[in-house]
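Reviewing the structure listed below.
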Amino acid sequence: MSSDGTCVLDKETGLVWERSPSSKGVPYTWADAVEYAYRKTLGGRKGWRLPTIEELASLVDYGQRDPSLPPDNPFKLVDYGIVGYWTVSTINASDPHLAWKVFFHDGFIDGEDKSHGGYVWCVRGGHAYDH
């Protein structure tokens with residue numbers, strides 16, 4: 001990964017991540033998180049979005065805990081608490097009220113009601129879709 005100060009390029013996936021997740025300390029409902037990401041401008045660029053569950057989980061180092069990011073990661077201000085980060089992915093088409101979250105304390109992935117609070121970690125690139 002390489003960083004320009006505000007953004008981080010993941011050379012393995014080609015995705016560009018916010019270096020510091022935007023909503024640290026400010027939880028959003030899932031719908032508000034989606035809108036927040038779509039309206040975001042960072043580094044003079046638009047086109048930000050919530051990541052898919054696969055994209056966000058790709059940041060997790062399951063050999064690490066507290067936090068579950070690699071020791072040499074370039075990210076700043078990631079929240080490692082109990083709130084978790086939203087993804088664009090709904091858990092199941094038959095229950096659209098739930099969406100996936102990733103918790104960077106231990107890398108846990110869980111579904112949560114979209115009306116609950118969660119953090120936003122925006123990404124650019126790739127081909128996200130809600131599945």
Only residues that are at pLDDT below 90 and touching a strand residue (DSSP E or B) at 6+ places or on another chain (Cβ under 9 Å): list them for the range 46-78, please.
none
Taking the residues in the range 17-38 that are assigned to a helix (DSSP H, G or I), in contact with a strand residue (DSSP E or B) (Cβ under 9 Å, 6 or more places away or on another chain) and in contact (Cβ under 8 Å) with a residue 60 or more places away in the chain as candidates, determine which candidate is farthest from Phe75 (Cα to Cα).
Trp30
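Residue-by-condition table, conditions (1) touching a helix residue (DSSP H, G or I) at 6+ places or on another chain (Cβ under 7 Å); (2) open to solvent by 60 Å² or more (accessible area, probe 1.4 Å); (3) of a type outside the set (A, V, I, L, M, F, W, C); (4) over 15 Å from Tyr28 (Cα atoms):
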| site | (1), (2), (3), (4) |
| --- | --- |
| Trp48 | yes, no, no, yes |
| Tyr62 | no, yes, yes, yes |
| Arg65 | no, yes, yes, yes |
| Phe75 | no, no, no, yes |
| Gly84 | no, no, yes, no |
| Thr87 | yes, no, yes, no |
| Asp95 | no, no, yes, yes |
| Phe108 | no, yes, no, yes |
| Glu112 | no, no, yes, no |
For the range 3-14, how many residues meet the condition of being open to solvent by less than 40 Å² (accessible area, probe 1.4 Å) and in contact with a Ser or Thr (Cβ under 8 Å, 6 or more places away or on another chain)?
2
Looking at this structure, is Trp121 under 23 Å from Thr13 (Cβ atoms) and assigned to a loop (DSSP other than H, G, I, E, B)?
yes
Tell me, please, whether a residue that is of a type in the set (A, V, I, L, M) and either within 18 Å of Gly5 (Cα to Cα) or free of Cβ contacts under 8 Å to residues at least 40 places away in the same chain (or both) can be found in the range 92-103.
yes
Would you pick out the residues in the range 55-94 that are of a type in the set (Phe, Trp, Tyr), within 12 Å of Trp121 (Cβ to Cβ) and assigned to a loop (DSSP other than H, G, I, E, B)?
Phe75
Could you list, in sequence order, the residues of the range 39-54 that are assigned to a loop (DSSP other than H, G, I, E, B) and touching a residue at least 60 places away in the same chain (Cβ under 8 Å)?
Lys40, Gly47, Trp48, Leu50, Pro51, Thr52
Need the failing condition index for Trp100 against (1) open to solvent by 50 Å² or more (accessible area, probe 1.4 Å); (2) outside any strand (DSSP E or B); (3) more than 15 Å from Gly126 (Cβ to Cβ), just the number.
(2)
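The values are calculated or read from the model by the stated rules, or taken from the named source; none is laboratory data. Because the structure is predicted, anything quoted here is derived from the model rather than measured. A quick note on method: Cβ atoms are made from the backbone with ideal geometry, for glycine too, and the neighbour counts reach across all protein chains shown. We work out accessible area using only protein heavy atoms, side chains counted, and drop any ligands, DNA or RNA first. Shrake-Rupley method; radii C 1.70, N 1.55, O 1.52, S 1.80 Å.
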